[in-house]
Amino acid sequence: MPKRISRRAVLQGTAALATTVFAAPIKAAPPEPAGVTPQLIEAARREGKVVWYTSVDLPLAEKIAKSFEAKYPGIATRVERTGAERVFQRIGQEYASRIYAVDVVNSSDAAHFIAWKREGWLAPYVPEDVAQFYPPEHKDPDGMSASFRVWLSVIAYNTNLVKAEDAPKSFADLLDPKWAGKIVKGHPGYSGTIMTATYQMARELGWDYFEKLAKQRVMQVQSSADPPKKLALGERAVMADGNEYNIFQMKEQGQPVELVYPTEGAPLIVGPNGLFKNAPNPNAARLFQNYCFSVEAQQFIIDVGGLRSMHPGTKEKPGRKPFREIKTMKDDPAGVERTAEDVKARYARIFRV
Amino acid sequence: MALFFTRAESRPVRFDLSWPILLASALILCGLIVAPLAWLVYFSLVDRAGSFTLDNFRQLVTTPAFVEPLITTVILSVSASVACCLVAAPLAFLVARTDMPLRGTVRALMTASFVTPPFLGAIAWELLAAPNSGLINQAYRAVTGAESDQYLFNIYTLTGLIFVTCCYTCPYVFVLVANALERIPGDLEDASAILGGRKWVTARRIIIPLALPAVLAGALVAFLQSMTLFGAPAILALPAGFHTMTTKIWSLFQYPPKPELAAAASLPLLILTVLLLRGQHLILGRRGYAVVGGRQGAARVTRLGGWKWVALVFALVVLLNPVFLPYGALLNAAFSRVPSQLVSFSNLTGHNFEFVFFELSATKLAFRNTLILCTLAATIGTLMALIVSYLTSRQAIAFHRTLGFLATAPVAVPGIVLGVGLFLTYTRPPFVLYGTLWILLIAFVTIAMPSAYQQLQSAFRSVSSDLEEASRILGASRLRTLGRVTAPLLRTSVIATWCFIFVGVIRELSAAIMLFTSETKVISVLIFDLNESGDLGAIAVLGLIMLAITFAVVVLVNRIPGFGAIRLRST
């Protein structure tokens, strides 16, 4: 933690939010905001490790883990990375067999936190930064989770294969016959990003949009991090969905990719972080959660990862389109939670996998 | 055979360790194979609430989403097994019976392709033959000046999947046929020649009929391998938008999991396998032994003359596909900044190695788990197979046939089906093994048991029981005799079996994918994970390390001092 924050400052901060918090009918008050104390660091160090289940693209996830290890030496951070829908299934399967391996979870499908909270599996914990700086819509009123990262699912193309003037501008453009056989996209049964994006797009554009898209002979990959990688390889010319942050990283490394914010609005993805009640390393988990929401870590995921942060203390990286200037679709975790099974089933029927 | 039988009959039954061993072995084998299958059948017949229903099967036959994968699987397996035989049988002939140059090298390289896990091969072939970024297709466009969307070969098709499956199933057919051909005594060919038969007549009337059982057996093995393969279809079929039966079963375990449907969907694979094995038994049961009996004359070598160079070219072209090209592509991807570009000074990078060794936090865990499991499964599997094959081949106890059947039974259970069965069995009391390495160990030992048993049993048959009887007469117990006399006589086979299981476990993905947890991840699962997020460079590095470890272990085990040095049984 770069700076210590006094209780007074915290109270002042929360007071500003009081209206929103009290306006909503809350069942329980969130726990007291918690900072990083020497006792916490010491206890975390005794545990010696923390296990983070996440769906962040693997190289980035490992970089975040390494940055935590660098700040708090002696706490080995193990990243268990797979698609958010797999993470969800994995935790469900492990908990059903009473295997408590996960400390902190980060999912790209915010709906999962609704389910975990309902099961009573999450532990309330509010890092100081979250209490003080995060807007109410980006933290759980009971302190179970907060938005670790925010990003978009976008259209993108390979600049060697597509000229800028020919590039699609909207989701509707992707239905042009000229893109048949040239599109790659992720899978909502694997990726939380694609799950969330599919829900929002089906809501805005209707399922018949996907029926038409399926006729374009799309290459079906799993992770939302994979379409950008397939573009960079030159395997497909255009991606219909996938992570904005991978495209940022690749573009800045000089790879031949360019992103397009579709005119219909880009699906908005929120990836919260939460702690599990049965975490095997509860103190390391708290320390890690605290670190994740620090200005330092949040700036790190922007600069290195290409992600968006809800921490007002962070700065956007020049050269990237500022978040507020982009037309996005509205996120709706509760809606995703209600219809997830139906979305997956319909998708499998339409795309046949 | 007959001699053993009468001896066993006439031997007075005395109390020794036989009964406890029989019981223990039978119980273990039952636990390994009967329990998961019983749960599988039970789950396929109940609904969520646990009451009896046939609805799972009704869904299975009426939903196109299940019928289509089944048809695809049949097409895949038939084509792959036919293609394997067409390629591997001639190659086996060239290696076993001709004076083609570099025969030993060709054989060794076929072994290398056996050691390669099919899922790794599939990923390598993505690098080679993805329609746009594949190295072969890039080269094709560079040479012919074709447009950017034209390609020579698209690996994301059913044909592509058949091709890759065939690449990594061929070694089975090759080994079976090559061994059979080597056992055909030269006498028969000499007889044919003396009677005036020319080369072709001899081939048609002697070699082909005698090799046919092995070819058929090879075709069957290839069919079963292709049918039960999980990794390659998951990597190549899903991007193309179709399922095979194994990927479909696996997808039923994604959220929300439908274990009862997965159980029902597993049964057709199981039934098909049992039927095929029965069929093989009916076809081969009567004529298979004609070859095995005589080993009087050495196998005769056919002189190819100038054609031997043509033969060598054929062999090398065949080997391009499972070995040279894929490993070339993996090496390239390991050192290249962009896996689809050839390594040059401008994009040479050590980053993939750095990432795998210093950043990827699952690397160490996965390697540790894999090595523990490989070593344990190989050791336990070999020991169990040794005991069971001793009991059955020496007919040491009653019900030895049942024991032999139990040891062979897992061959009829595809890996993914076993995975589903074990998952259903060991995620509930009394044995909650899910989440531990034990459940994976059980899976791997079970999967390895049939071939380990077959290998050791045939080894036992080739060793006369005189020495054992001498040891018994001098007062040693059965177990002591087995440990001190028989096992040392069989060292070569024992080591071969151990290595076979070790390699098999490294290759295994289909059961592991159902049974792993974050703490019990193995390399194959890690590679599969990385493929789903498109991290090809890291896969290339992991795959190459995995291969290096495999070879190192196989070589080391063969060089353990005093182990494998004696070759008594080859006389």
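The table below gives the values:
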read-out: Residues being more than 13 Å from chain B (Cβ to nearest Cβ), touching a residue at least 12 places away in the same chain (Cβ under 8 Å) and under 30 Å from A:Asn106 (Cα atoms) - total across segment A:171-208; value: 12
read-out: Which numbered condition A:Arg286 misses (of (1) assigned by TED's automatic domain parsing to the domain that holds A:Glu42; (2) free of Cβ contacts under 8 Å to residues at least 40 places away in the same chain; (3) among the charged types (D, E, K, R)); value: (2)
read-out: Residue in segment A:157-167 that is crowded, with 24+ Cβ neighbours inside 10 Å and in contact with an Asp or Glu (Cβ under 7 Å, 6 or more places away or on another chain) present; value: yes
read-out: Any hit, segment B:500-510, residues being facing another protein chain (nearest Cβ under 10 Å) and among the acidic types (Asp, Glu); value: no
read-out: Checklist (1) within 30 Å of B:Glu469 (Cα to Cα); (2) part of a helix (DSSP H, G or I) applied to B:Val411, failing item; value: (1)
read-out: Output for segment A:217-240, where each listed residue is facing chain B (nearest Cβ under 7 Å), touching a strand residue (DSSP E or B) at 6+ places or on another chain (Cβ under 8 Å) and among the polar types (S, T, N, Q); value: A:Gln220
read-out: Candidate set from segment B:511-524 (those that are within 10 Å of chain A (Cβ to nearest Cβ) and in contact (Cβ under 8 Å) with a residue 40 or more places away in the chain); member that is farthest from the chain's Cα centre (by Cα); value: B:Glu519
read-out: Residue match in segment A:310-321 (condition: in a helix (DSSP H, G or I) and free of Cβ contacts under 8 Å to residues at least 12 places away in the same chain); value: no
read-out: Residues that are in contact (Cβ under 8 Å) with a residue 60 or more places away in the chain, in a helix (DSSP H, G or I) and either of a type in the set (Phe, Trp, Tyr) or within 10 Å of chain B (Cβ to nearest Cβ) (or both), drawn from segment A:331-353; value: A:Ala340, A:Lys344, A:Tyr347, A:Ala348, A:Phe351
read-out: Among (1) closer than 29 Å to A:Leu161 by Cβ; (2) free of Cβ contacts under 8 Å to residues at least 60 places away in the same chain - the single one A:Asn243 does not satisfy; value: (2)
read-out: Single match in B:Gly160, B:Gly218, B:Gly241 (criterion: surrounded by 22 or more Cβ atoms within 10 Å (Cβ to Cβ) and within 14 Å of chain A (Cβ to nearest Cβ)); value: B:Gly160
read-out: Criterion (among the aliphatic types (A, V, I, L, M), closer than 23 Å to A:Gly192 by Cα and outside any helix (DSSP H, G or I)) met by exactly one of A:Ala279, A:Ala232, A:Ala285, A:Ala297; value: A:Ala279
read-out: Test: B:Thr169 is among the polar types (S, T, N, Q), assigned to a helix (DSSP H, G or I) and surrounded by fewer than 23 Cβ atoms within 10 Å (Cβ to Cβ); value: no
read-out: Criterion violated by B:Pro233 - all others in (1) within 14 Å of chain A (Cβ to nearest Cβ); (2) modelled with pLDDT under 85 satisfied; value: (2)
read-out: Considering residues of segment B:354-380 that are facing another protein chain (nearest Cβ under 9 Å) and either touching a residue at least 12 places away in the same chain (Cβ under 8 Å) or farther than 22 Å from A:Ala76 by Cα (or both) only, the residue surrounded by the most Cβ atoms within 10 Å (Cβ to Cβ); value: B:Leu360
read-out: Residue match in segment A:98-120 (condition: more than 22 Å from A:Val221 (Cα to Cα), aromatic (Phe, Trp, Tyr), more than 12 Å from chain B (Cβ to nearest Cβ) and in contact (Cβ under 8 Å) with a residue 24 or more places away in the chain); value: yes
read-out: Some residue of segment B:533-546 being surrounded by fewer than 19 Cβ atoms within 10 Å (Cβ to Cβ), part of a helix (DSSP H, G or I) and within 14 Å of chain A (Cβ to nearest Cβ); value: no
read-out: In segment B:401-435, residue nearest to the other protein chains (Cβ to nearest Cβ) [restricted to those that are under 18 Å from B:Ser266 (Cβ atoms) and small (Gly, Ala, Ser)]; value: B:Gly419
read-out: Selected residue (criterion: surrounded by the fewest Cβ atoms within 10 Å (Cβ to Cβ)) from residues of segment B:44-81 that are assigned to a loop (DSSP other than H, G, I, E, B) and touching a strand residue (DSSP E or B) at 6+ places or on another chain (Cβ under 8 Å); value: B:Thr53
read-out: Only listed residue being of a type in the set (S, T, N, Q) and within 14 Å of chain A (Cβ to nearest Cβ), chosen from B:Thr105, B:Thr144, B:Thr63, B:Thr98; value: B:Thr63
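The values are calculated or read from the model by the stated rules, or taken from the named source; none is laboratory data. Only a predicted model underlies this, so the values are computations on that prediction, with no experimental measurement involved. Quick reminder, even Gly has a Cβ in these numbers, built from the backbone with ideal geometry, and neighbours come from all protein chains shown.
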